[in-house]
Amino acid sequence: MNRGVRRYGDEVVVACPYCGDISGRHHKHLYINVKLDKFFCQICETGGTLERLRNEHPRVLQGLESQGIAAFIEREKKAKLIESHPDLYAHPKQTTFLERCSTLVRPSSTMSTISGFHYLRQRGMQRLDIQDRMCGWSSEWPDRVIFPCFENKRPVYFVGRLFRGRGPKWKNPSKQICKEDGLLPKGEVVYNVDNFPTPGSIIPITEGVFDALALGGVALLGKRATKKQLWKILSLNPSKVLIALDREAKDRAEEIERMLRFVVLTRIIWPPDKFKDWGETLKLTVFKQVELLQKIGLRVVIEKVPVSGLGSEFYAPYVPLYTEKGRDPIEDLDD
């Protein structure tokens, strides 16, 4: 056993087994450096690799292990291996928030996913909508339904809608989550922007996710539009833009119109009188939705849509990415 082991930085100092440290009982002179894989005695000048020391005097290292120095030695060895072979000892990639979410397309047996799924159905979303929008649930936000936002088919942001309990209706990811997961700042995100691949579309600009789903448009995820958001919308080359904010956001709607009216044909539209916002129109029957969408200038086709794997089908309004040529149907819309 080696008693009185001392450490100096990266080195461990013990009594030399080769010369017995003849200079004195309390003076140790055998230096062991794990990083360099070397040992050396300052008295007898014996040195070499740790492998030699282990073979010739195994009790030296055993003594170190008995005094808890083994953990230090192993850490140094591992650090050396990682430095020489970084690919073999690379840390596994951390999963993102969205990768940890559970899907709501086929709700599991947990009450949270079932409740989240039924909440979306009560809000008027069809099963196919829930599937296409990749709505999810996370134990990290247990009382919210997660709506991911995509650009070029890559997730760039997400928001959470409260479906039970108390708290703000909508929740945004923290700056730390955005940094860790490589997400965009909220001011650069346009929800549903990926669904307009064809130039010449009529694009409704709305506030929230449900508003965008109801009109087949994009959402600013708030009342204020940043220049980067408007630039992304204009980059889609729309033929017309419908500014469809909530009624209490009249000033914001007029501000957006002033920013866009010299670039693209623009019109402000308001929700029907009996509805607080456009998202509530999702609860209308399919044919009522069609009638409403046709009033704001969108050519709508009703399709019988089978839901794969769910054993059911439903009638759904389909909004093509263009309108009929000729008279502008927006002019018939009452403000």
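Using a cutoff of 8 angstrom between alpha carbon atoms and counting only pairs six or more residues apart, the relative contact order for the range 151-226 works out to 25 percent. Here the simple spin-label model places points 7 Å from the Cα toward Cβ, and for K276 and D194 these points are separated by 3.0 nm. In order along the range 283-292, the phi-based Karplus estimate (6.51 cos²θ - 1.76 cosθ + 1.60, θ = phi - 60°) of 3J(HN,Hα) comes to 7, 5, 5, 4, 6, 5, 4, 4, 4, 5 Hz; Gly and Pro are listed as x. Could you tell me the distance between the Cα centroids of the range 215-234 and the range 147-171, to the nearest Å? First find each Cα centre; the distance between them is then 16 Å.
In the structure shown, the pairs K186/K227; K153/K227; K223/K250; K169/K288 are assessed against 19 Å; a Cα-Cα span above that value is assigned to K153/K227; K169/K288.
In a fully extended conformation the segment linking K283 and R100 would gain 62.9 nm over its present Cα-Cα distance, using 0.36 nm per residue. In terms of the mean number of neighbouring beta-carbon atoms within 10 Å, the peptides 42-53, 238-249 order highest first as 238-249, 42-53. For V264, the shell of other residues with beta-carbons less than 12 Å away shows a net charge of +2, using +1 for Lys and Arg and -1 for Asp and Glu. Relative contact order of the range 94-189: 22 percent, from C-alpha pairs under 8 Å at least 6 residues apart in sequence. Annotation: amide H-H contacts under 5 Å for E151 (H modelled 1.01 Å from N, sequence separation of 5 or more, or interchain): V156.
In this calculation the C-beta distance from E45 to E180 is compared with R0 = 45 Å, giving a FRET efficiency of 0.30. Remark: the range 206-221, residue by residue, has Karplus-estimated 3J(HN,Hα) of 10, 7, x, 4, 5, 4, 5, 5, 5, 9, x, x, 10, 10, 8, 6 Hz, where x stands for each Gly or Pro and the curve is 6.51 cos²θ - 1.76 cosθ + 1.60 at θ = phi - 60°.
3J(HN,Hα) along the range 42-48, derived from phi through the Karplus expression 6.51 cos²θ - 1.76 cosθ + 1.60 where θ = phi - 60°, amounts to 6, 8, 8, 6, 7, x, x Hz, with x in place of Gly and Pro. Among M259, M125, M134, the ranking by other beta carbons within 10 Å of each residue's beta carbon, starting with the fewest, stands as M259, M134, M125.
The relative contact order of the range 159-281, computed from alpha carbon pairs under 8 Å that lie at least 6 residues apart in sequence, is 23 percent.
Taking amide H positions as modeled 1.01 Å from N, with prolines and chain starts lacking one, the residues under 5 Å from L245 and 5 or more places away or on another chain are I269. Between the residues P272, T226, A244, the greatest Cα displacement towards the positive end of the dipole of the range 129-286, with unit charges on the Cβ of Lys, Arg, Asp and Glu, is found for T226.
Each Lys and Arg adds +1 at its Cβ and each Asp and Glu adds -1 at its Cβ; summed about the Cα centre, the range 136-185 shows a dipole of about 220 debye. Maximal additional length on extending the K228-M259 stretch stands at 9.9 nm, based on 0.36 nm per residue less the C-alpha distance.
Every number here is computed from the coordinates shown, using simple stated rules; none is lab data. What you see is a predicted model, and the numbers here were worked out from it, not measured in a lab. As a convention, Cβ positions derive from the backbone with ideal geometry for all residues, glycine included, and neighbour counts pool all protein chains shown.
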